[in-house]
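Asker: Mind looking over this structure? Questions follow.
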Amino acid sequence: MNFDFSDDQQLLRDELRKFLVNESPLSEARRVMDQGLSHSATVWAGLGGMAVNTLMLPESCGGHGLGALELCVVAEEAGRQLAPVPLASTLYLAVQALLLGAGESQQLRWLPRVADGQIATLAAPLDGNPMARPRFDGKALHGSAPLVMDGEAAHFAVVLADGPDGRPLLVVAELGASVARRRLATIDPSRGFAALAFEATPAEALDAVDDAEALLDTLRNRAAILLAFEQLGGADSALAMAAGYARERKAFGRAIGSYQGIKHKLADIYTRNEMARAHCYYGAWALSCDAPELGLAAAGARIAATDAFGYAAQENIQTHGGMGYTWEMDCHLYYRRARQLAVALGSRHAWNERLVRELEARLDDAAAPQDHKE
């Protein structure tokens, strides 16, 4: 069996890589950081020109009706270049929330705006921990959302709020003049977060949601796999950077890559990356067919990719020696992105707990027929 991506998906990868290498080099992430921008408008517009923002949208909403596998390819290539664009907030979170929780007529009102290049986000606790929520009175939002990915640039948001009866529900709101935004300082300024304050902000409840918290749980699993592909791309790029430096840098008349200590370091990065790749591919399969194993696959991919990217970013700095700690070198860009993505959907410990619960549930299911026979 062939577990790799199809020829068409590989072609998409090749075209994306050419575009991102030319238009989103690491210097673009630096520019966004140095100038205090919310994202790279040029790269985002270029991705829109390649129809990346329409991949999973229904054709009726201006999309191409493609599946999650193509979006996994996009995520990996964006992660490889540390692209400073609102892919995660728009395509992994807001769009997925509307696909899962909005009826056809509601999708027709909101999703075409993503096809037109607008930015969307999700205002909800991504780590699953409870926090204060804004209040929805049936027509408008009141209150605040303290930590919103790309909240500074988003045109609209899907928001977890307390409904008129006090129960949580998901609403979609225009982020216009009635919303106050405050940019937050983060370890990776090329991927911004903001606090939002709603003052009678017009909103409407998603009309196909029975259980808002259950939908958010599914949404986290989906986003975890897509972010894992970003982490995998970043880890591969960090390994390439470390290996390239090890071939060029000489000490005592030899390239440092010829020394055993550096060889082992690079081999360890490669091993972790390949382990993460296996988990990511399993996750891509589960996501593409909405398999019952989605929760298990998401936890495995999230943990393996977090470990791989964190280790690769750290050892890339070590391979560069003292120079790796300087602002002029690009090593810290990988380290920043690795650390921020590691907590974007909850800590590694939270995903460890989720993995344990998923495995226990599978063991219980496997034991159930034996108990029945007895």
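The values are calculated or read from the model by the stated rules, or taken from the named source; none is laboratory data. These numbers were taken from a predicted model, which means no experiment stands behind them. Positions of Cβ are backbone-derived with ideal geometry, glycine not excepted, and every protein chain shown enters the neighbour counts. Just the protein is used for accessible areas: all its heavy atoms, side chains included, with ligands, DNA and RNA removed. Shrake-Rupley method; radii C 1.70, N 1.55, O 1.52, S 1.80 Å.
Asker: Exactly one condition in (1) over 19 Å from the mean Cα position of the chain (by Cα); (2) open to solvent by less than 50 Å² (accessible area, probe 1.4 Å) is false for Ala157; which is it?
Answerer: Looking at each condition in turn, Ala157 falls short on (1).
Asker: Return the only residue of Leu108, Leu100, Leu93 being closer than 17 Å to Ile225 by Cβ, touching a residue at least 40 places away in the same chain (Cβ under 8 Å) and surrounded by fewer than 24 Cβ atoms within 10 Å (Cβ to Cβ).
Answerer: Selected residue: Leu100, the only one of Leu108, Leu100, Leu93 that is closer than 17 Å to Ile225 by Cβ, touching a residue at least 40 places away in the same chain (Cβ under 8 Å) and surrounded by fewer than 24 Cβ atoms within 10 Å (Cβ to Cβ).
Asker: For the range 129-176, which fully contained strands (runs of 3 or more DSSP E) count at least 1 residues that are under 19 Å from Ala208 (Cβ atoms) and at pLDDT 95 or above?
Answerer: Once the strands (runs of 3 or more DSSP E) in the range 129-176 are filtered for at least 1 residues that are under 19 Å from Ala208 (Cβ atoms) and at pLDDT 95 or above, what remains is 156-162, 168-174.
Asker: A follow-up question, please. For the range 313-321, state whether one or more residues are within 15 Å of Leu26 (Cβ to Cβ), surrounded by 21 or more Cβ atoms within 10 Å (Cβ to Cβ) and within 18 Å of the chain's Cα centre (by Cα).
Answerer: For the range 313-321, residues within 15 Å of Leu26 (Cβ to Cβ), surrounded by 21 or more Cβ atoms within 10 Å (Cβ to Cβ) and within 18 Å of the chain's Cα centre (by Cα): present.
Condition check ((1) at pLDDT 95 or above; (2) touching a helix residue (DSSP H, G or I) at 6+ places or on another chain (Cβ under 7 Å); (3) more than 15 Å from Gly79 (Cβ to Cβ)) across all residues:
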| site | (1), (2), (3) |
| --- | --- |
| Glu274 | yes, no, yes |
| Leu296 | yes, yes, yes |
| Ala299 | yes, yes, yes |
| Arg302 | yes, yes, no |
| Ile317 | yes, yes, yes |
| Gly324 | no, yes, yes |
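Asker: How many of the residues making up the range 46-66 are farther than 25 Å from Ala205 by Cα, open to solvent by 30 Å² or more (accessible area, probe 1.4 Å) and in a loop (DSSP other than H, G, I, E, B)?
Answerer: 3
Asker: Can I ask one more? Determine which member of the set Arg337, Arg357 is over 18 Å from the mean Cα position of the chain (by Cα) and either open to solvent by 100 Å² or more (accessible area, probe 1.4 Å) or under 30 Å from Tyr92 (Cα atoms) (or both).
Answerer: Working: Arg337 fails: over 18 Å from the mean Cα position of the chain (by Cα).
One residue alone meets the criteria, Arg357.
Asker: Of these, Gly300, Gly346, Gly295, which one is touching an Asp or Glu at 6+ places or on another chain (Cβ under 9 Å) and on the phi > 0 side of the Ramachandran plot?
Answerer: Gly346
Asker: Given the conditions (1) of a type in the set (Asp, Glu); (2) modelled with pLDDT of 95 or more; (3) open to solvent by 50 Å² or more (accessible area, probe 1.4 Å), which single one is not true for Asp210?
Answerer: Condition (2) is where Asp210 drops out.
Asker: Now a separate question. Please enumerate the residues belonging to the range 266-298 that are without any contact (Cβ under 8 Å) to a residue 40 or more places away in the chain, open to solvent by 70 Å² or more (accessible area, probe 1.4 Å) and of a type in the set (D, E, K, R).
Answerer: Result: Asp290, single match.
Asker: Going through the range 149-179 one residue at a time, which ones are in contact with a Phe, Trp or Tyr (Cβ under 8 Å, 6 or more places away or on another chain), of a type in the set (Gly, Ala, Ser) and closer than 23 Å to Val32 by Cα?
Answerer: Gly151
Asker: Within the range 341-349, is even one residue open to solvent by less than 30 Å² (accessible area, probe 1.4 Å), part of a helix (DSSP H, G or I) and of a type in the set (Lys, Arg)?
Answerer: For the range 341-349, residues open to solvent by less than 30 Å² (accessible area, probe 1.4 Å), part of a helix (DSSP H, G or I) and of a type in the set (Lys, Arg): absent.
Asker: Mind checking which residues of the range 240-265 are aliphatic (A, V, I, L, M) and either in a helix (DSSP H, G or I) or surrounded by 14 or more Cβ atoms within 10 Å (Cβ to Cβ) (or both)? Reasoning before the result, please.
Answerer: Start the filter on the range 240-265 by keeping residues that are aliphatic (A, V, I, L, M), which leaves 240-243, 246, 251, 255-256, 262.
Listed by number, the residues that qualify are Ala240, Met241, Ala242, Ala243, Ala246, Ala255, Ile256, Ile262.
Asker: Out of the range 283-295, which residues are touching a Gly at 6+ places or on another chain (Cβ under 9 Å) and of a type in the set (A, V, I, L, M)?
Answerer: Ala286, Leu287, Leu294 - these are the residues of the range 283-295 that are touching a Gly at 6+ places or on another chain (Cβ under 9 Å) and of a type in the set (A, V, I, L, M).
Asker: Quick one: which of Gly261, Gly244 is modelled with pLDDT under 95 and farther than 30 Å from Leu100 by Cβ?
Answerer: Gly261 is the lone residue from the list that is modelled with pLDDT under 95 and farther than 30 Å from Leu100 by Cβ.
Asker: Can you list residue pairs whose Cβ atoms sit under 8 Å apart, with the first residue in the range 338-354 being without any contact (Cβ under 8 Å) to a residue 24 or more places away in the chain and the second being surrounded by fewer than 16 Cβ atoms within 10 Å (Cβ to Cβ)? Count only pairs 6 or more apart in sequence or on different chains.
Answerer: Short answer, once both residue conditions are applied: none.
Asker: Scan the range 241-261 for residues that are closer than 27 Å to Glu76 by Cα and touching a Lys or Arg at 6+ places or on another chain (Cβ under 9 Å) and jot them down.
Answerer: Result: Ala242, Ala246, Gly257.
Asker: For the range 1-45, which positions are over 12 Å from Ala78 (Cα atoms), buried (at least 20 other Cβ atoms within 10 Å of the Cβ) and in contact with an Asp or Glu (Cβ under 9 Å, 6 or more places away or on another chain)?
Answerer: Leu12, Ser38, His39, Ser40
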